[in-house]
């Protein structure tokens, strides 16, 4: 599904650029796009990528540029073992990036092709996504080959963060995916994701909320590593989807986490019934981003068409956010002065403080968490 990301005159709508966070995992694309013998492209943090799946099932991600003359590797060929450049036929093992063959070399040439490396990124498959680790510029090579990385780079202190994974609480569940492109930088996408006050206005619907449902709320937050948690609580009584869980006749409890660089997780438990979601806002370029949502659940497991219904309403919900961000981006083009208020915007303030702390820590500075302990916030929504 394509969405409007330009003005009426066809001019791309983009907000100001932002500082990007590196040395972490980002979802590049759904692995359903990775067909045998085919290549797919993606953009992460202004880096063009070519991705695929080897014949042994492993996914890989290379910078979409041949190290010889710069032509995109994605216009070449992939036989399940090697990516071949269309320009001069150079062949590369895609997980390590190692050049395996240069057809133009003669018997008297002394060049060792295997010493040439295309840029490969660590790439792992989780929950239907190809997650790619993007190192900070100039930080050195992070091989996409797991064995090579274990043998060489881990000894050099290049441990990678854990690959994100959706929480699941049993072997039987349904799942669904949603995505939307946003014509704004990742900061605006993320603080929109954690904003608790926009719901009755952006998401007005009989099946969600109305302006008349606004009421005062108190939520307890606590610090977690590189993020914060909305502590376990009974979900909002003015949201229709949460009310549906009352049919089970058990207390309903939800916990929401935000963790750098871009991840929001929500877990809803009702006795043995559960719903879990992982939402990411990924920088595509410095001024555009993309929302990805993966959810799993066993609530209403035997209800016919439950997945179709959930995707229908979920897509409408995400579309409402997307339209609002497109409209906001028109104003952001003029770089207006903005403000954040307490308490509804406090999570956004924490996000910026956490982001700044990570940037400073990368430069060797000593930092502290913006939350010194649990805190209560109050707002109306």
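Listing 340, 371 from the residue with the fewest other Cβ atoms within 10 Å to the one with the most, what is the order?
340, 371
Put in order of Cβ neighbour count within 10 Å, fewest first, the listed residues 60, 173 become 173, 60. Over all projection directions, the Cα-based convex hull of segment 174-380 averages an area of 12.5 nm². For segment 24-156, dividing the convex hull volume of the Cα atoms by the residue count gives 118 Å³ per residue. Inter-label distance, residue 378 to residue 255: 2.7 nm, where each label sits 7 Å from its Cα along the C-beta direction. Each peptide in 19-30, 97-108 gets a packing score, the mean of other Cβ atoms within 10 Å over its residues, and the list from highest to lowest is 19-30, 97-108. Among 281-288, 321-328, sorting by the average number of other beta carbon atoms lying within 10 angstrom of each residue, highest first, gives 281-288, 321-328. Neighbour counting of Cβ atoms within 10 Å sorts the residues 56, 345, 46, fewest neighbours leading, into 56, 46, 345.
Laboratory data are not the source of any read-out in this text; all were calculated from the coordinates shown. What you see is a predicted model; the values in this text were computed from it and never measured. Glycine also receives a Cβ, built like all others from the backbone with ideal geometry; neighbour counts cover every protein chain displayed.
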